[in-house]
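The values are calculated or read from the model by the stated rules, or taken from the named source; none is laboratory data. Everything quoted here is computed from the prediction, not taken from an experiment. Every residue, glycine as well, gets a Cβ built from its backbone with ideal geometry; the counts of neighbours run over all protein chains shown. What goes into the accessible areas is simple: the full protein's heavy atoms, side chains included, and nothing from ligands, DNA or RNA. Shrake-Rupley method; radii C 1.70, N 1.55, O 1.52, S 1.80 Å.
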Amino acid sequence: MTHDWLELQGRAHREFAGRLSGITDWDASTPDADWSIRDLVSHVIEEQQWAPYLLAGSSIAQARKDIEPLREDLRQEWQLYSLAALAAWEAAPRESMVRLSYDTVTMDEYLREQVADVTIHTWDLSRATGADELLDLELVEAVWTVFEPQKETLAASGLFAPPVPIPDDAPLLSRLLAVTGRDPR
């Protein structure tokens, strides 16, 4: 199945935005034991801050100089930086190369990575706030195509916990979460 990753990016942003309204305790824990809800939301917003700069050809060092620290109202910050990132994705030429901290990749590779990041963290935020944990099925299917080929190396990257053992016939969302070190049970 071919996915429209730009459309999925917008959908992932809407899913995340929908979970922000349910936050009552910004210091509550998340599925990542090292992060509070505030840390998780800040991480997702900060990833959006980078997108306009990197898509315009800036290096990480150049972008770092221009990125503003987040202000206190993270819901408002999400609105601001989500809109800026989505506009940058729409404007970026498809053949663009993007300089990331670990490599130079195509715009499409960076886009898939970003859709995956927002989608997985939407589930994290859902679990942390007691919101509906079901995610848009097309997002789950698309993000699975990002993580499934890497399932043997995700934990070794240091960015994910070891995979959670789960039956092969478990729902796709459960398998996606498990391969990224999250326990969907």
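Which of the trypsin sites (Lys or Arg not before Pro) found in the range 59-129 are loop residues per DSSP with 12 or fewer other Cβ atoms within 10 Å of their Cβ?
Qualifying residues, ordered by number: 71, 94.
May I ask you to compute the full-extension gain from residue 168 to residue 21, defined as 0.36 nm times their residue separation minus their alpha-carbon distance, rounded to one decimal in nm?
49.5 nm
Ignoring ligands, DNA and RNA, what percent of the 1.4 Å accessible area of the chain is carbon and sulfur?
Working: 4940 of 9600 Å².
For the chain, the apolar C and S fraction of the accessible surface comes to 51 percent.
Only four residue types carry charge here, +1 at the Cβ of Lys and Arg and -1 at the Cβ of Asp and Glu. Report the dipole size of the chain about the Cα centre in Debye, rounded to the nearest 20.
220 debye
Taking K and R as +1 and D and E as -1, what net charge do the other residues with C-beta under 15 Å from the C-beta of residue 158 add up to? Numbers along the way, then the final one.
Numbers: positive: none; negative: 32, 34, 152.
Residues close to residue 158 contribute a combined charge of -3.
For the range 128-137, just list the computed ³J(HN,Hα) in residue order, Karplus coefficients 6.51, -1.76 and 1.60, θ = phi - 60°, integers in Hz, with x standing in for Gly and Pro.
5, 9, x, 7, 4, 8, 5, 10, 3, 4
Quick check for me: using +1 on Lys/Arg Cβ and -1 on Asp/Glu Cβ, what's the dipole size of the range 111-185 about its Cα centre, in debye to the nearest 20?
Dipole size: approximately 220 debye.
Apply the Karplus parameterisation 6.51 cos²θ - 1.76 cosθ + 1.60, with θ equal to phi minus 60°, to every residue of the range 140-154 and state each ³J(HN,Hα) to the nearest whole Hz, in sequence, with x for glycine and proline.
Calculated HN-Hα couplings, in order: 4, 4, 5, 5, 4, 5, 7, 8, 4, x, 9, 4, 6, 10, 4 Hz.
In sequence order, what are the phi-derived ³J(HN,Hα) couplings for the range 42-51 according to the Karplus relation 6.51 cos²θ - 1.76 cosθ + 1.60 with θ = phi - 60°, rounded to whole Hz, with x for glycine and proline?
4, 4, 5, 5, 4, 4, 6, 4, 5, 3
Need the C-alpha centroid separation for the range 60-95 versus the range 1-39, integer Å.
One Cα centre to the other: 16 Å.
Between residue 104 and residue 14, what is the label-point separation in nm under the 7 Å Cα-to-beta-carbon projection?
Going from the residue 14 label point to the residue 104 one covers 3.6 nm.
For Cα pairs less than 8 Å apart in space and 6+ apart in sequence, what is the mean separation divided by the residue count of the range 40-96, i.e. the relative contact order in percent?
Dividing the mean separation by the residue count of the range 40-96 yields 50 percent.
Please compute P(r) over all alpha-carbon pairs of the range 12-119, binned at 5 Å starting from zero, and give each bin as a whole-number percent.
Distribution as computed: 2, 11, 22, 23, 19, 13, 7, 2, 0 percent.
Given H placed on each backbone N at 1.01 Å, which residues far from residue 98 in sequence or on other chains put an amide H within less than 5 Å of it?
105, 106, 107
Report the longest stretch of the chain that contains none of the chymotrypsin sites (Phe, Trp or Tyr not before Pro) sitting in a DSSP loop with at most 15 other Cβ atoms within 10 Å.
It runs 103-185.
With point charges of +1 on the Cβ of Lys and Arg and -1 on the Cβ of Asp and Glu, referenced to the Cα centre of the range 52-95, which listed residue (54, 85, 67) lies farthest in the positive direction of the dipole?
Working it through, the farthest residue towards the positive pole turns out to be 54.
For the chain, what relative contact order do you get, as a whole percent, if you take Cα pairs closer than 8 Å and at least 6 residues apart?
After rounding, I find 24 percent.
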